[in-house]
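The values are calculated or read from the model by the stated rules, or taken from the named source; none is laboratory data. As the structure is a prediction and not an experimental result, all values here were calculated from the model. FYI the Cβ positions are ideal-geometry reconstructions off the backbone, even for glycines, and counts take in every protein chain you see. Quick note on the areas: whole protein, heavy atoms, side chains included, nothing else; ligands and nucleic acids left out. Shrake-Rupley method; radii C 1.70, N 1.55, O 1.52, S 1.80 Å.
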Amino acid sequence: MDLNQGNMNQCTHWYKRIPDEFITRFGNELKNVATVTVPDGCVWEMELKKCDENVFFCNKWQEFVEYYSIGYGCYLSFKYEGNSKFSVIIFDATSVEICYPFKTPSSNGEPKTKYPSPRKRSKVETSESPGKKVKSMSTDASTRAEDAAKEFNTNNPYFCSKITIRKYVYVPSDFAQKYLKLNVPIKLQNSHGEQWEVLCIVHDSRSSSMLISKGFAKFESDNNLSHGDYCVFELIKKKPVVLKVTMFRAVDYCD
């Protein structure tokens, strides 16, 4: 392994250390530049540097972290594909795969950020409390609901989240920073025009991502949403904020 040598003081600010066990096993085939592929299709080229006996992802790592709003408690699952190529899946602090942002052209030619739904592996397996069982829809039905949600399109800003066993939904940092404020009531509106008042709380103090929390359990119950469903939240009014919710229920996609 002939990697560029880095300054440890620099590396501590913008690095991701690669575990020793991996270096022991695969270090000899690593090059100076690695590629990291994300489920949204983006491929990130990152320089590998050696600081003392440690190896780090260096340049572009901080940009990568900021782009995907990776903060304290997030979990990254890397898979080595060989030839200095990695794939990664990003989970938030609730063990749910994040909604990956991506850029598409808008009508005026400027980049426009959209927020597609998570991919198939949307939750890390976790144990539930003794005696508590979670009723879940089949994986295939949930996947078909996810695929249907991906087809949603509008000129309004929007994001997509998966309904989990927790009584809140994740709001990506870009959307939250632009359109939402902490502890300021917003409205969720279903396709019938009925509205529910909810509040947003901080998801991670190191980023601007939020959770729609207080009041969401009522919205979820009244609209018969279940674990494995997908919802698209579309901004239809800014003052006060109203998000129109288009629901893709897994039960509607069963065989």
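Values of log10 I(q)/I(0) for the range 212-255 across q = 0.28, 0.33 Å⁻¹ run -1.11, -1.22, by the Debye formula with one identical scatterer at each alpha carbon and no solvent.
Projected label points at GLN62 and TYR75, each 7 Å from Cα along the beta carbon direction, are separated by 2.9 nanometres. Label separation (ASP52 vs ASN28): 2.6 nm, computed from points 7 Å beyond Cα along the C-beta direction.
Might you work out the accessible area of HIS227 for me, using a 1.4 Å probe with all protein chains in place, and round it to the nearest 10 Å²? My reading of the accessible area for HIS227 is about 40 Å². For CYS254, the amide hydrogen comes within under 5 Å of no other amide hydrogen, counting only partners 5 or more places away or on other chains and with H modelled in the peptide plane. The heavy atoms of LYS31 present about 100 square angstrom of accessible area, all protein chains included, probe 1.4 Å. With a Förster radius of 30 Å applied to the beta-carbon distance between CYS42 and GLU194, the computed FRET efficiency rounds to 0.20. Residues whose amide H comes within less than 5 Å of that of LYS49, counting only those at least five positions distant or on another chain, are PHE56, CYS58 (H built at 1.01 Å from N in the peptide plane).
Once the Cβ-Cβ distance of THR154 and SER221 is raised to the sixth power relative to R0 = 41 Å, the FRET efficiency obtained is 0.95.
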